[in-house]
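Here is the structure we will look at, set down as structure tokens.
The values are calculated or read from the model by the stated rules, or taken from the named source; none is laboratory data. As the structure is a prediction and not an experimental result, all values here were calculated from the model. Counting neighbours? That spans all protein chains shown, and the Cβs are built from the backbone with ideal geometry, glycine included.
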Amino acid sequence: MYSSVVSVLMIFVFYSCFISSSIHDVVATTSTPSSSMIKQVCSNRWSNFDSKLCIHILLSKHQIASATNLFDLSIGIMELGISNATNTRTYIDKLLKKLTDVKGAVRECKLSYDSVIGSLKSALSEVRDDKEYLTATYDLLIASTDSIERCANAVVSGKVEDETILIGNKVVPIFGLSAYNAVDSLTH
């Protein structure tokens, strides 16, 4: 089962890289508004934030790469972040049913992802429905830092080496902090 998950993940990464480089080439040569907005929201001052990976991920998604304004860009990033975090949480739920040794650490990750998803959904609603940008930026920071750090710390202390969880932990801050930058720019 684990090898099939790794195989699916490798196919996804290959497919994402292929699509991303194709979109990146198109975006880079046409200098669309979205490419400069994506570079803007991916430039973060937070430690351990991979700006290049952020640009790569966001350019690989049509809904995000085709955004024409920061509002649509922020919505697209949050929706993708919710989808990604939900997929990771579903994976964790299935993993919990099989594990016997590092169950405590993985259970902490489930709770962490529940919190991440809740914060991202709140932020999405606050931006899309209520135009409460300041409140949304708070929720995005919570999802990207406190919430996901609980899982990251549990993974380290429990010596969990599950690639899906590790990748999920790496991309949650990318979605949350890039959405934070986009939403924060809406207030200026």
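May I ask you to list the residues in region 80-109 that are in contact (Cβ under 8 Å) with a residue 12 or more places away in the chain and not in a helix (DSSP H, G or I)? Residue satisfying the conditions is Val102 alone.
Whether any residue in region 89-101 is buried (at least 24 other Cβ atoms within 10 Å of the Cβ) and closer than 30 Å to Phe71 by Cβ is what I want to check. Within region 89-101, not a single residue is buried (at least 24 other Cβ atoms within 10 Å of the Cβ) and closer than 30 Å to Phe71 by Cβ. Answer with yes or no whether Asp129 is surrounded by fewer than 23 Cβ atoms within 10 Å (Cβ to Cβ), modelled with pLDDT of 95 or more and under 16 Å from Gly81 (Cβ atoms). No.
Scanning region 2-20 turns up no residue that is more than 20 Å from Gly81 (Cα to Cα), in a helix (DSSP H, G or I) and modelled with pLDDT of 50 or more. Just one of the listed residues (Asp72, Asp101) is acidic (Asp, Glu) and modelled with pLDDT under 95, namely Asp101. Checking Ser147, Ser119, Ser43, Ser112 one by one, the residue that is within 17 Å of the chain's Cα centre (by Cα), small (Gly, Ala, Ser) and in a loop (DSSP other than H, G, I, E, B) is Ser43 and no other.
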